[in-house]
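Structure first, then comments.
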Amino acid sequence: MAGPEPFTWGQYSEYLRLALSNGYRFGPLDGSTSDRGDANEQVVYLRHDVDFSLRWVLPMAELEAEHGVRATYCFLLDSPYYPSESSAFDETVQAILEMGHWLGLHFDATPFSSDDEVARRVADAAEALGQRFATDVVSVSFHWPGRRPVSQIVLPGGLVNTYGPRFFSEIGYASDSNQDWRGTDLAEVLTSRRHARLQLLIHPVWWRDTYSPILDKLTELAEELGMGLDEVMTVEQRALIDEAAA
């Protein structure tokens with residue numbers, strides 16, 4: 001029997017069920033990720049980078065809470081697509097914290113050539129975000145990691161660079177970036193318990209009740225934001241869309 005459609009809430013629920021039924025727990029992206037602990041312990045570090053609209057954050061957070069799953073939600077403070085100084089932002093972050101999820105920082109390092117400057121700016125932003133919502137902000141995910149090297153950046157004060165080397169050597173990695181798993185069969189990864197520890201990056205913007213291709217979602221997003229499609233679509237997304245159409 002065919003499974004749920006890809007990039008739907010039904011498929012996401014199935015992934016969560018598979019992880020739990022195969023003995024995984026869901027942990028925070030904090031200092032404990034450097035501690036191997038029990039060699040037999042199965043841990044998923046579930047991370048969400050909020051690149052675009054806030055609209056899809058709470059449906060995903062609520063679904064996870066229904067399964068008893070906790071995730072780290074990483075927000076940009078300078079996104080052109082959603083204002084961080086807004087009541088909608090405050091309400092969204094407060095809601096995910098009340099559900100038991102963790103708050104992380106999403107940061108665009110591409111404007112800065114100096115790693116030291118990036119580290120300073122990240123530390124300031126993480127501290128401000130944590131103080132604003134009275135919680136610890138430890139996890140830092142970088143925006144556009146393929147456009148500017150970030151894996152070598154060492155962050156101060158116990159902050160965790162989720163693109164640091166150990167997340168691709170000691171810890172497995174899977175991502176739905178641009179609605180493309182890049183050949184990874186996540187169901188098989190979870191069922192086979194291939195990785196004792198797995199960082200799983202899921203972008204809420206790609207998930208819906210029913211399947212639709214990425215171009216439809218980007219068109220919808222552009223309309224929601226009152227922008228042209230070219231203002232929303234990245235070079236990488238255009239390449240994927242052109243490849244699929246070829």
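The values are calculated or read from the model by the stated rules, or taken from the named source; none is laboratory data. Note that the structure is predicted; figures quoted are calculated from it, not measured. For neighbour counting, all protein chains shown are included, and Cβ atoms are generated from backbone atoms with ideal geometry for every residue, glycine included. These accessible areas exclude ligands, DNA and RNA; they are computed on the full protein's heavy atoms, side chains included. Shrake-Rupley method; radii C 1.70, N 1.55, O 1.52, S 1.80 Å.
Keeping all protein chains in place and using 1.4 angstrom, which order do MET99, MET233 fall into by accessible surface area, from largest down?
Correct descending sequence by accessible area is MET99, MET233.
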(request) Mind ranking HIS101, HIS195, HIS143 by accessible surface for me, highest first, 1.4 Å probe? (result) HIS195, HIS143, HIS101
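Inverting the mean 1/r over all pairs of different Cα atoms, compute the Kirkwood radius of the range 159-226 and quote it in Å.
Working: mean 1/r = 0.0711 Å⁻¹.
Taking the inverse mean of 1/r over all distinct Cα pairs, the range 159-226 comes out at 14.1 Å.
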(message) Tell me the per residue accessible area of the chain using a 1.4 Å probe; a whole number in Å² is fine.
(response) 47 Å²
(request) Can you give me the three principal axis dimensions of the range 137-190 from its C-alpha atoms, in Å, biggest first? (result) 37, 24, 21
(message) Whole percent per 5 Å bin, from 0 to the bin with the longest distance: what is P(r) over all C-alpha pairs of the range 1-140?
(response) 2, 9, 17, 20, 19, 14, 11, 6, 2, 0, 0
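Tell me, Kirkwood radius of the range 96-148 from alpha-carbon pair distances, in Å? Please report the intermediate quantities before stating the final value.
Details: mean 1/r = 0.0841 Å⁻¹.
Computed over Cα pairs of the range 96-148, the Kirkwood hydrodynamic radius comes out at 11.9 Å.
Scaled to the compact-protein estimate 2.2 N^0.38 Å, what is the alpha-carbon radius of gyration of the chain, rounded to two decimal places? Show your work: numbers first, answer last.
Numbers: Rg = 17.5 Å, N = 246, 2.2 N^0.38 = 17.8 Å.
That ratio works out to 0.98.
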(request) Divide by every residue of the chain the summed helix terms, -39500 (n - 2.57) for each DSSP H run of at least 4, and state the resulting mean residue ellipticity at 222 nm, rounded to the nearest 500 deg cm²/dmol. (result) -11000 deg cm²/dmol
(message) Once you place label points 7 Å from the Cα toward the Cβ at ASP136 and THR110, how far apart are they in nm?
(response) 3.2 nm
(request) Bin width 5 Å, alpha-carbon pairs only: give the P(r) of the range 118-214 as whole percents, running from 0 to the bin holding the largest distance. (result) 2, 10, 18, 19, 18, 16, 11, 6, 1
(request) Enumerate the amide H contacts of GLN42 below 5 Å, restricted to partners 5 or more residues apart or on another chain; note that Pro and chain-start residues carry no placed amide H. (result) ARG25
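In nm, what is the difference between 0.36 nm times the number of residues separating SER151 and ASP180 and their Cα-Cα distance?
Details: separation 29, 0.36 × 29 = 10.44 nm, distance 2.17 nm.
Working it through step by step, the gained length comes to 8.3 nm.
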(message) Accessible area of the chain with a 1.4 Å probe: how many percent of it is carbon plus sulfur?
(response) 50 percent
(message) Output needed for the range 197-246: three equivalent-ellipsoid semi-axes, defined as square roots of 5 times the C-alpha gyration tensor eigenvalues, in descending order, whole Å.
(response) 20, 15, 12
